[in-house]
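I have placed the structure first, in the form of structure tokens, so that the comments after it can refer back to it.
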Amino acid sequence: MHPLAQLDQKFVWHPFTQMRDWLRREPIVIASGQGAVLRDVKGREFLDANSSIWTNLHGHQHPKINAAIQRQLKKISHSSALGLANEPASLLAEKLVRISNFKFQTANKTPGMTRPLNSQFAIRKSQLSKVFFSDDGSTALEVALKLAYQYSWRIRSAACPPALMKKYPPRFLSLDGAYHGDTIGAVSLGHIDLFHQAYDGMLFKTDKVMSPYCYRCAFNRAQPERADARTYRKCNWECVSLVEKKFSVQKKKGNPYAAFVFEPLMQGAAGMIPQPDGWLGRVTDIARSHGALLIADEVMTGFGRTGAHSLKPTAHSPASLFACQQENVQPDFLCLAKGLTGGYLPMAATLTTQRVFDAFLGEYEEFKTFFHGHSFTGNQLGAAAALASLDILQTEKSERQRAQLQEQLHAELQTLWKLTHVGDIRQVGLVAGIELVKDWRTRAPFALRERAGIRVCEAMARRGVLTRPVGNVIVLMPPYCTTPAQLQKMVAALAAAVAEGF
């Protein structure tokens, strides 16, 4: 065993990892990377098929991001944001506000809809204008949660007696299977028992509503086909009706929801669950009609990851940097992390509106300040990397590469339908989830103890492709620099691993 592998097994505790399993074999120790390729200490090369846990947008050692960090290092790496401002963080905040607001298309009715997508009035009220920097996805959600809580409390307290406010504090609604991070507030918003049940005693109560999981939806009357379940589903949008019912019931209790929290277009840790076209617009319109704030968790979906919004994308489809924009949804809080710095440095941002910001303005002695912060908030190195990443994203070359890669990914994934153990293939932009089942004809799932996803990923690693499963769902999320040959190898390795593993 390599000496570094020995040190790791002796001293390091890895996240979301059963360490008994980890200690049974020699781990891969990464030493360097270039583009979509990772190299370990033994000189072996691997393709980074999940962008280093969904963070690395442009590949490793990108010359423009490297240069931006080196330039900033010659000035200063970090100074406190408590009482001080700095150049790159100020420039980054301005750029994030600019790209997060866009000209909305006129809202049209989708067939079967009961109301148009978000009203222009609601959109205007939700223009994002302020940026609060933090460290990672969990803290970005924690910031949004605390801001929404305090904002709702202050708005309601003007009209409600203190006793009533104490009895009915602001309440939050999120999706079944939600995962929004691992800090206590973010965990409270989550609804994955495997991750969250152990901490029940530490959490505050939040509510959940059905996620639009077409492949395993009880309301979907369609029999299994060899296609994305969204394309052949047979239902009456019962999942939307349940959202309407949830908001109505809560309102009758005298305590309407303060905010609706969601990952737009695709839920990541829930198992790469994609939302059918029109779902997001419908449910956010319902939330708005009940006075709820919208908290969009774009930690995974942001910065072009969800690509051109089409189940069968083409290189000519328009690209969006944020998933919400693809359904004409402007949130009150936009939570960003992971790809913000191109995967180089831990940094996050929570964008919000002027009306939320104004609720925290007051005289010093009123203590209306937002009492929350992080030591490395708005640090110069992270901001410099993020500015360089955004510059790359907005070039014509990058947009063209993403569109072409998305189209090729769609084409390559079609080759997997021939496999008996592939039940559903879910692609949104440059995110793909391949759900493994015992037999596609029955949708029968593998039990967790069978470790189906882990076994397939281990077999892929032996073929030089690295990714990590979400339960029995294999994730493919290639860096934007991935070449056609590299992408073909990723999918081929997955196919071979599935064929070998069962």
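The values are calculated or read from the model by the stated rules, or taken from the named source; none is laboratory data. Computed from a predicted structure; not experimentally measured. A quick note on method: Cβ atoms are made from the backbone with ideal geometry, for glycine too, and the neighbour counts reach across all protein chains shown.
Can you find, within segment 344-363, the residue that is farthest from the chain's Cα centre (by Cα) among those that are free of Cβ contacts under 8 Å to residues at least 12 places away in the same chain and in a loop (DSSP other than H, G, I, E, B)?
Looking at residues that are free of Cβ contacts under 8 Å to residues at least 12 places away in the same chain and in a loop (DSSP other than H, G, I, E, B), I get E363.
If L413 passes every condition in (1) of a type in the set (A, V, I, L, M, F, W, C); (2) modelled with pLDDT of 95 or more; (3) farther than 28 Å from R226 by Cα but one, which one does it miss?
Only one criterion is unmet by L413, namely (3).
Kindly indicate whether any position in segment 152-164 is surrounded by 14 or more Cβ atoms within 10 Å (Cβ to Cβ), at pLDDT 95 or above, in the same structural domain as A359 (by TED's automatic domain parsing) and closer than 18 Å to D332 by Cβ.
no
Of everything in segment 249-268, what is over 25 Å from V356 (Cβ atoms) and surrounded by fewer than 21 Cβ atoms within 10 Å (Cβ to Cβ)? Give them in sequence order.
Matches in segment 249-268: V249, K252.
Limited to segment 207-229, what total is found for residues that are assigned to a loop (DSSP other than H, G, I, E, B) and without any contact (Cβ under 8 Å) to a residue 40 or more places away in the chain?
So the first thing to find is which residues in segment 207-229 are assigned to a loop (DSSP other than H, G, I, E, B), and the list is 210-213, 217-228.
Subset that is without any contact (Cβ under 8 Å) to a residue 40 or more places away in the chain: 210, 217-223, 225.
Count: 9.
Residues are listed down the side, and each one gets a yes or a no for (1) part of a loop (DSSP other than H, G, I, E, B); (2) assigned by TED's automatic domain parsing to the domain that holds L141; (3) out of contact with any Lys or Arg (no Cβ under 8 Å at 6 or more places or on another chain); (4) not hydroxyl-bearing (S, T, Y):
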| residue | (1), (2), (3), (4) |
| --- | --- |
| T231 | no, yes, yes, no |
| C235 | yes, yes, no, yes |
| C239 | no, yes, yes, yes |
| V249 | no, yes, yes, yes |
| V261 | no, yes, yes, yes |
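Which of the residues that make up segment 185-194 are in a helix (DSSP H, G or I) and closer than 17 Å to T139 by Cβ?
Passing the criteria: G185, A186, V187, S188.
Out of all the residues in segment 184-199, which are surrounded by fewer than 16 Cβ atoms within 10 Å (Cβ to Cβ) and either within 17 Å of the chain's Cα centre (by Cα) or modelled with pLDDT under 85 (or both)?
So the first thing to find is which residues in segment 184-199 are surrounded by fewer than 16 Cβ atoms within 10 Å (Cβ to Cβ), and the list is 184, 193-195, 197-199.
Correct list: L194, F195.
I'm trying to understand the selection: among the residues of segment 321-343, which are aromatic (F, W, Y) and within 13 Å of the chain's Cα centre (by Cα)?
F322
Yes or no: segment 420-432 includes at least one residue that is surrounded by fewer than 19 Cβ atoms within 10 Å (Cβ to Cβ), among the acidic types (D, E), over 18 Å from M300 (Cβ atoms) and at pLDDT 95 or above.
Checked segment 420-432: no residue is surrounded by fewer than 19 Cβ atoms within 10 Å (Cβ to Cβ), among the acidic types (D, E), over 18 Å from M300 (Cβ atoms) and at pLDDT 95 or above.
Taking only segment 480-502 into account, find how many residues are within 16 Å of A411 (Cα to Cα) and assigned to a helix (DSSP H, G or I).
Residues flagged as within 16 Å of A411 (Cα to Cα) and assigned to a helix (DSSP H, G or I) within segment 480-502 amount to 12.
Return yes when S188 is in contact with a Phe, Trp or Tyr (Cβ under 8 Å, 6 or more places away or on another chain) and more than 25 Å from V437 (Cβ to Cβ) and no when it is not.
It is true that S188 is in contact with a Phe, Trp or Tyr (Cβ under 8 Å, 6 or more places away or on another chain) and more than 25 Å from V437 (Cβ to Cβ).
Here are the criteria: (1) outside the structural domain of F133 (by TED's automatic domain parsing); (2) under 24 Å from the mean Cα position of the chain (by Cα). Tell me which single one F376 does not satisfy.
So the condition that F376 fails would be (1).
When residues of segment 342-372 are filtered for being at positive phi and surrounded by 13 or more Cβ atoms within 10 Å (Cβ to Cβ), how many remain?
Residues meeting the conditions: 2.
Which one of the conditions (1) within 17 Å of A93 (Cβ to Cβ); (2) modelled with pLDDT of 95 or more does I392 fail to meet, given that it meets all the rest?
If we test I392 against (1) within 17 Å of A93 (Cβ to Cβ); (2) modelled with pLDDT of 95 or more, just (1) comes out false.
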